[in-house]
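Notes follow once the structure below has been shown.
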Amino acid sequence: MNRLVSFLWILAVSTLLVWITRIYNLLNDNEISSGEKIWSVLVACIFLLAAAAVIKVLIGSWRDRNILNSRLVPAFCIWTVTFWIVRSVGILIAEHDAGFKIVHACIAIVFILLALVVNRLKTIVSNI
């Protein structure tokens with residue numbers, strides 16, 4: 001259970017950091033259209049709300065029971081993996097610099113692996 005909690009904290013906090021940074025960068029980028037900014041902020045807000053909900057579960061008084069019974073954790077993991085797979089394909093086939101593609105591929109790999117580890121640990125702990 002301790003590993004699950006630790007990895008869940010890492011996933012939630014890193015999600016907050018990445019998507020807060022994304023919103024900051026969006027607001028300071030004059031080359032992105034308004035429509036793209038709105039869409040990107042909406043996606044970022046979904047991630048921020050999900051990460052905040054996971055953190056709420058982690059700091060709640062019934063933390064262990066809530067983590068084991070919550071469908072939020074697997075949903076957060078599935079959303080994270082799905083988003084990063086789809087987004088990575090889009091980035092890799094789009095007209096971006098190699099550095100941009102490498103950085104985003106690395107971010108995607110880290111988040112996909114973290115989400116898979118969290119989901120697997122939750123499954124293991126829930127079955128005990």
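Values quoted throughout were computed directly from the atomic coordinates according to the rules given, and no laboratory measurement underlies them. This one's a predicted model, so the numbers in the text were calculated from it and none came from an experiment. Here Cβ is always computed from backbone atoms with ideal geometry, including for glycine, and neighbour counts include all displayed protein chains.
Quickly estimate the mean residue ellipticity at 222 nm for the chain, helices only: each DSSP H run with n ≥ 4 gives -39500 (n - 2.57), and the total goes over all residues, rounded to 500. Don't skip to the answer; put the middle values down first.
Values: 5 runs with 110 residues, N = 128.
Mean residue ellipticity at 222 nm (helix-derived): -30000 deg cm²/dmol.
Using the count of nearby Cβ atoms within 10 Å as a rough guide to exposure, how do Leu11, Leu92, Leu26 rank from fewest to most?
The order, fewest Cβ neighbours first, is Leu92, Leu26, Leu11.
Please give, to one decimal in nm, the separation of the simple spin-label points placed at His96 and Leu68, each 7 Å out from Cα toward the Cβ.
It is 4.1 nm.
Please give every one of the lysines within straight-line cross-link reach of Lys122, meaning a C-alpha to C-alpha distance under 19 Å, and leave out same-chain neighbours fewer than 8 residues apart.
Partners within reach: Lys56.
Which label belongs to the value computed from this structure, given these candidates for mean projected area of the Cα convex hull in nm²: [x] 8.1; [y] 10.0; [z] 13.0?
Correct label is [x].
Once the piece of chain linking Ser126 and Val103 is laid out straight, how much longer is it, given 0.36 nm per residue of separation minus the C-alpha distance between them?
Values: separation 23, 0.36 × 23 = 8.28 nm, distance 3.45 nm.
Taking 0.36 nm per residue and subtracting the Cα distance, the gain is 4.8 nm.
Subtracting the Cα-Cα distance from 0.36 nm times the residue separation, let me have the gained length for Thr21 to Leu113 in nm, one decimal.
In short, 31.0 nm is gained.
Would you list, by chain and number, the lysines whose Cα falls below 23 Å from the Cα of Lys101, excluding same-chain residues fewer than 8 positions away?
Lys37
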